[in-house]
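Values in this text are rule-based calculations from the coordinates and carry no lab data. Quick caveat, the model's predicted, so the values are computed rather than measured.
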Amino acid sequence: MPELDANLHAPARLRLMTMLTAVSEAEFSTLRDSLEVSDSVLSKHVSALASLGYVRSRKGVHGGRRTTWISLTAPGRAALSAHVAALREVIAGEHTDPDRHTDLQHAADPTRNRLRELRAARRWSQADLADRLGMSRQTVNAIETGRFDPSLSLAFKIAAVFEGRIEDLFFPPEATGFEA
């Protein structure tokens, strides 16, 4: 699981980084006004992000006055993407216990499930199921293939989408009955 980036927790920093993804660069005053912060607050955030290599600033002249332009760097874009991915996992309840190993190489007995079978019966793609669950298609694939065991709250959510019970969808590998 990607980890949350402590350098992007501050709402103004996260919004700043997100705003910069849409443009090649933005003028300092435009960012300040959009974020509704003071010059000093924005300056501190830009300095902190620049020291990490997440953003770059350059001085220039625009309309006859000196101005500062801010742009997102490749490492900044990667850090933001990883942070957003981690936030999505937290929101989806996919990784509630950081000590829990969910990869097959670490888990001796992954939980088996009937997701693929039930999804196919409804003629849903993995993307269709992912949309219904508010998660990525890759996560649906990892659950279906046993590379990821969902949290209890996520298992309840999946069961609700299929209008069934958890025990009808998920079962330990030694269980008899339904086959995945």
Legend entry - Per-residue HN-Hα couplings for segment 40-56 [Karplus 6.51, -1.76, 1.60; θ = phi - 60°; Hz; x = Gly/Pro]: 5, 5, 5, 4, 5, 5, 5, 4, 5, 5, 5, 5, 8, x, 7, 10, 10
Legend entry - Cα-based radius of gyration of segment 9-75 once divided by 2.2 N^0.38 Å, which approximates compact folds: 1.02
